[in-house]
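The next block holds one structure in the form of C-alpha cells; read it before the comments.
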Amino acid sequence: MVAKFSVGPSSYGDLRRVRQFVASARMALQVLSVIVDFNNWQKARGATGKLSVNEGMRSRTRQTYLWINRFILGVVVAMPFTSRHDEVLRGNAVDFGITMPDGSNRALTTAEFAKLHQLVEARGGTWTGGNFGEPWHHEMATRTELLAPYPDAAALYHGITPKPIKKPTAPAVITSPGGMLMLFKAKYYYLVGEFTVQKFTDKADAVPYSQATKRATKVTSARMNLIIRQTADRRKAAFGAIDADLQKLIDDRNL
C-alpha cells in the first residue's frame, strides 16, 4: 500500500473536490505551511482567493491516461513511471492553484507566483516547473529547510488555532519565618520558615512560635511534601546540611 498524506482538496478541473496527497508526513507539513503562510499574505493585502493544491501524487493509471491523450488534452506531461507526481517512486511534486470563494479555480498572478516560489523554497521545496514552463509545479523535500514547517500546520490550514497548553502553576511556598500551615485531614500544624519546618499536633502549641501569622492555611499532603523538600534544598544550599527537625519530617514522610 502506498503511503499518502493529505494536503487538502483540489478545485482544479476533473479533480475538483478530490483530496490530494504527497508521499510523506514531512512533505505534507511543508505544503500545508506554505498554504497557511500564502493565505495569510493574501488576506493581509486584501486579495481574493486561497492557495490550494491542484494536483499532488498521481496514480499510474492517471499518468498513463494523461500521456496517451496529451495532445488531445493539450497538456505537458512526463512519460508514465518518470513523473515526480508518481505515487510509487516519488510523490513529491505539487501543482498549486487558487481556489476562489465560489469554489472555482484560477491560476496565480505573477506577483502570487513570485511569493509562492519564495515560500516553497523556505520550506524545503524547489520551483522545478521553471525548467519546462510551469510556474505552478514545485517539488518538495529537495533542499534544506530555511523554516521548519508548523507542527500544527493541518489545524492552521483548517483555520483552527490550537489552544495553548497551560503549564501547571507551581504552588506558592511560604518563606517568611513563622508562617503557619495546617495539613488537611491529619490536622497537624507546621511552622514554615525559610530554612526550617516544625511540626505541632496542637494549634495552641504552634501559635506562640508564629512570628508572621496566627491564622493557619490549609494545604494538601502533596503540597506539604513539596514545601518540606524545597525547604530542605534551601537549607542544604545555604548551610550544607539540614537540621534534626527537618530530617525527622523527611524520614517520617518517606521523602
Label point distance in nm, ALA25-THR142, each placed 7 Å from Cα along Cα→Cβ: 2.5 nm
Selection of trypsin sites (Lys or Arg not before Pro), region 1-74, meeting DSSP coil and at most 13 other Cβ within 10 Å: ARG17, ARG45
How large is the accessible surface per residue of region 1-160, computed with a 1.4 Å probe and reported in Å² as a whole number? 52 Å²
What is the Cα centroid distance between region 51-110 and region 1-41, reported in whole angstrom? 12 Å
Taking the Cβ-Cβ separation of VAL88 and ALA47 as r and a Förster radius of 41 Å, what is the calculated FRET efficiency to the nearest 0.05? 0.65
Percent of accessible area on region 28-75 owned by carbon and sulfur, 1.4 Å probe? 57 percent
Please work out how much length the chain gains when fully extended from VAL2 to ARG70, using 0.36 nm per residue of separation minus the C-alpha to C-alpha distance, in nm with one decimal. 21.9 nm
Write down Rg/Rh for region 103-152, rounded to two decimals, with Rg from the C-alpha atoms and Rh from the Kirkwood relation over Cα pairs. 1.02
Where trypsin sites (Lys or Arg not before Pro) fall in DSSP loop in region 97-169, at most 14 other Cβ within 10 Å: ARG143, LYS166
Just flag the chymotrypsin sites (Phe, Trp or Tyr not before Pro) in region 67-142 sitting in loop per DSSP whose Cβ has no more than 13 other Cβ atoms within 10 Å. PHE81, PHE132
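The values are calculated or read from the model by the stated rules, or taken from the named source; none is laboratory data. Computed from a prediction, not measured in an experiment: that's the story for all the values here. No Cβ is skipped: glycine too gets one built from the backbone with ideal geometry, and neighbour counts run over all protein chains shown. Just so you know, the surface numbers come from the protein's heavy atoms only, side chains and all, with ligands and any DNA or RNA stripped out. Shrake-Rupley method; radii C 1.70, N 1.55, O 1.52, S 1.80 Å.
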